[in-house]
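To start, the structure under review is shown below, and the notes come after it.
The values are calculated or read from the model by the stated rules, or taken from the named source; none is laboratory data. As the structure is a prediction and not an experimental result, all values here were calculated from the model. Cβ placement follows ideal geometry from the backbone for every residue including glycine, while neighbour counts extend to all protein chains displayed.
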Amino acid sequence: MDAVDATVEKLREQCLSRGASGIQGLARFFRRLDQDRSRSLDARELQQGLAKLGLVLDMAEAEGVCRRWDRDGSGTLDLEEFLRALRPPMSQAREAVIAAAFSKLDRSGDGVVTVDDLRGVYSCHAHPKIQSGEWTEKEVLRRFLDNFDSNEKDGQVTLAEFQDYYSGVSASVDTDEEFVAMMTNAWQL
């Protein structure tokens, strides 16, 4: 394991010790640090931000982490790639049940879940804002879909986005059996 991998492993352990919201909390924290909305941080920003979380990196370590996830040669850390790397890898059983849930939602079979795909699969009639008349069915379905969508919230969820969402959930579930049971029950698979 090289120095960058060791640094990432320390950060992963710290996030997972915070429970289900550890990596999601780190994602929110990084997005607040990213004041120019570039979705990236330079080594100094990363070093200062992690220090606030109690993980002290020297500048060489911070630069190494940035280089590892610098996709465009800008010298900065791509936040989405970095957060994805922090999540523990999922087993085949977990990936399979996520794919099955996605397939159930993707009624058109085009590889993208939209509000139209959700109609008939996800019932929102009991939603309090539907019953009060505050929202339409389409608004409820869109907000539900936004949970799985990337930061851009384009109303279309790909399998990769769906897997990305559930990889964050997966990190907080100890066993494959528990994760598969949770997904099976939640999506009535």
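Could you go through the range 88-111 and let me know if any residue there is touching a Cys at 6+ places or on another chain (Cβ under 9 Å) and either of a type outside the set (S, T, N, Q) or surrounded by 14 or more Cβ atoms within 10 Å (Cβ to Cβ) (or both). So far as the range 88-111 goes, no, none of its residues is touching a Cys at 6+ places or on another chain (Cβ under 9 Å) and either of a type outside the set (S, T, N, Q) or surrounded by 14 or more Cβ atoms within 10 Å (Cβ to Cβ) (or both).
Output yes when any residue across the range 59-78 is of a type in the set (A, V, I, L, M) and in a loop (DSSP other than H, G, I, E, B), and no when none is. No, the range 59-78 contains no residue that is of a type in the set (A, V, I, L, M) and in a loop (DSSP other than H, G, I, E, B). Looking only at residues of the range 71-80 that are surrounded by fewer than 16 Cβ atoms within 10 Å (Cβ to Cβ) and touching a helix residue (DSSP H, G or I) at 6+ places or on another chain (Cβ under 9 Å), we find that the one that is nearest to Gln156 (Cα to Cα) is Arg71.
The set of residues in the range 136-149 being over 26 Å from Gly168 (Cβ atoms) and either aromatic (Phe, Trp, Tyr) or surrounded by fewer than 15 Cβ atoms within 10 Å (Cβ to Cβ) (or both) consists of Thr136, Lys138. When the residues of the range 95-135 are filtered to those that are in contact with a Ser or Thr (Cβ under 9 Å, 6 or more places away or on another chain), under 25 Å from Ala181 (Cβ atoms) and among the β-branched types (Val, Ile, Thr), the one that is modelled with the lowest pLDDT is Val113.
When residues in the range 159-187 are screened for being touching a residue at least 40 places away in the same chain (Cβ under 8 Å) and either more than 13 Å from the chain's Cα centre (by Cα) or more than 17 Å from Ser103 (Cβ to Cβ) (or both), 13 of them pass. Of the residues that make up the range 93-112, is at least one over 30 Å from Glu139 (Cβ atoms) and among the small types (Gly, Ala, Ser)? Looking for residues that are over 30 Å from Glu139 (Cβ atoms) and among the small types (Gly, Ala, Ser), one finds at least one in the range 93-112, hence yes.
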